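Here the structure is laid out as structure tokens; the discussion comes afterwards.
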2 protein chains.
Amino acid sequence: MKQLNIIKIGGNIINNPAVLTEVLTDFSNMEGLKILVHGGGRKASQVLKSMGIEPKMINGRRVTDETTLEVVTMVYAGLINKNVVAQLQALDCMSIGMTGADLNSIQSHKRIVKDIDYGFAGDIDKVNGKAISALLSANFTPVFCSITHNKNGLLLNTNADTIASTLAVALSDFYKVSLKFCFEKDGVLLDVTDDSSVIVELDKAKYATYKNENKIFDGMLPKIDNAFDALNAGVQEVFICSTNALKADYFKGTALVH
Amino acid sequence: MKQLNIIKIGGNIINNPAVLTEVLTDFSNMEGLKILVHGGGRKASQVLKSMGIEPKMINGRRVTDETTLEVVTMVYAGLINKNVVAQLQALDCMSIGMTGADLNSIQSHKRIVKDIDYGFAGDIDKVNGKAISALLSANFTPVFCSITHNKNGLLLNTNADTIASTLAVALSDFYKVSLKFCFEKDGVLLDVTDDSSVIVELDKAKYATYKNENKIFDGMLPKIDNAFDALNAGVQEVFICSTNALKADYFKGTALVH
């Protein structure tokens, strides 16, 4: 099996053009097969506001009504995704921008309403690993934004971390997948006030302990849960790290381990 | 050589959801290799207006300033292109949405300013026929919107008719290409007030005569010039016709001939 690198970058990187350019340069220099998954950043909210619409968030998650679905489709799949692709092409990376609708690559359903109605949010049902694999075999580099579809004509807003881990799991049937969730810090910190306190290896037992001791909390929890889900489902390697980890000579990061 | 159908549909079809659905159904039922190229429609102007910006047009062509470039990228490459792809996937057509940046498929340069400054308008330099051909060989159906790039990170707004004819010419190295420009009428009319007066075959001599006699004029002229350019550059078949011509049992249309 060939190696495949899947790199997730968050909205904070998208928001900062200088950082984004550096990250895309490092990504384009990575050898071998690779996929980029990017978050949305603040642009969708800016566009909504410029149209006189106040963005709605509950627990830090966007509520996607009909107009918001239009705007996130425009901003994520159009403006951001295609600008990322154009920048990668300028760096001679043979990229191709994707939503889950393209090649029916990621099929989802509209989230069932329990307590909170998130509107047009998509929960993933399946990945078309064969079609994505055909792109990779042609030495193309797919660049996914956080839009999927329900195979019935409806686009849906979908969490980018979940897209990255679901792609990694599905493509593990075809490749040895290394999955990196990149964010601002060098990894999961044992002490949030100390950037050098990166946990080098995190297993489930340690994770439970640190959670109980309140050393790991808040936004890190869904990120780590997502990462463990991928590892448990057969992904070869899963890291939580900074975008510096895309550089060949940089070895910091938290490895999730069994 | 295999047959390849390239179908261009205009903004009027994009503007009408019921018509668009019928057209996409007919397109998905077409046998063999195919590419769809779609125009923009009125949505970009609506989005600009909702942001308090008045769209600028000169001689019926959009002037693309920086904000307009953002909006057309969002609307053409995001909202419209991905909704078309999602609809085609619902019809089991294995579509993939494309700009010229994706796979460096259509490279252009920012139009040189002569009399009028159209801003971020792209004039096409070259097509990556090999990459598009790789998609077709995998039985994927590319769906192009009217955005290209300059291979230096800049996206550019580009006429969809020109994209269709340039793709047709470049792909004639690999396929027997049949190019159809679809619009509201059944073909080029000898009498604009009579929808049944379709010119069945149009050669350059007849075209010159009808132009002199003022029977063909206005917006039809660039469309026909574009179509003749494609025919002269080696495209097997070029038609100007209605979207009904996508139906297997419908034979009306104007064939451009040598």
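All conditions in (1) surrounded by fewer than 22 Cβ atoms within 10 Å (Cβ to Cβ); (2) more than 14 Å from chain A (Cβ to nearest Cβ); (3) under 30 Å from B:Glu31 (Cα atoms) hold for B:Asn128, with the sole exception of (2).
Let's see how each residue does on (1) in contact (Cβ under 8 Å) with a residue 12 or more places away in the chain; (2) closer than 22 Å to B:Pro222 by Cβ; (3) not small (Gly, Ala, Ser):
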| site | (1), (2), (3) |
| --- | --- |
| B:Asp92 | yes, no, yes |
| B:Met98 | yes, no, yes |
| B:Arg111 | yes, yes, yes |
| B:Lys114 | no, yes, yes |
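Within segment A:20-45, the set of residues being part of a helix (DSSP H, G or I) and more than 20 Å from B:Val72 (Cα to Cα) comprises A:Leu20, A:Thr21, A:Glu22, A:Val23, A:Leu24, A:Thr25, A:Asp26, A:Phe27, A:Ser28, A:Asn29. When A:Leu48 is tested against (1) within 12 Å of another protein chain (Cβ to nearest Cβ); (2) part of a helix (DSSP H, G or I); (3) in contact with a strand residue (DSSP E or B) (Cβ under 9 Å, 6 or more places away or on another chain), only condition (3) is not met. Contact map, segment B:65-79: residues that are more than 8 Å from every other protein chain (Cβ to nearest Cβ) paired with residues that are among the small types (Gly, Ala, Ser), Cβ distance under 6 Å, separation 6+ or inter-chain. Pairs shown: B:Asp65/B:Gly119; B:Val71/B:Ala44; B:Val72/B:Ala44. Residue check: A:Pro55 meets all listed conditions (1) more than 9 Å from chain B (Cβ to nearest Cβ); (2) in contact with a strand residue (DSSP E or B) (Cβ under 6 Å, 6 or more places away or on another chain) but one, namely (2).
Inspection of segment A:95-109 identifies at least one residue that is more than 9 Å from chain B (Cβ to nearest Cβ), crowded, with 20+ Cβ neighbours inside 10 Å, among the small types (Gly, Ala, Ser) and not in a loop (DSSP other than H, G, I, E, B).
For segment B:51-63, taking the residues that are touching a residue at least 12 places away in the same chain (Cβ under 8 Å) and in a loop (DSSP other than H, G, I, E, B), the one that is farthest from B:Tyr118 (Cα to Cα) is identified as B:Met51. Screening segment A:146-162 for residues that are of a type in the set (Val, Ile, Thr) and either within 12 Å of chain B (Cβ to nearest Cβ) or in a loop (DSSP other than H, G, I, E, B) (or both) and picking the one that is nearest to A:Ala230 (Cα to Cα) gives A:Thr158.
Each value in this text was obtained by applying a stated rule to the coordinates, not by laboratory testing. In this text the structure is predicted, and so the values were computed from the model without any measurement. Every residue, glycine among them, receives a Cβ derived from its backbone with ideal geometry; neighbour counts consider all protein chains shown.
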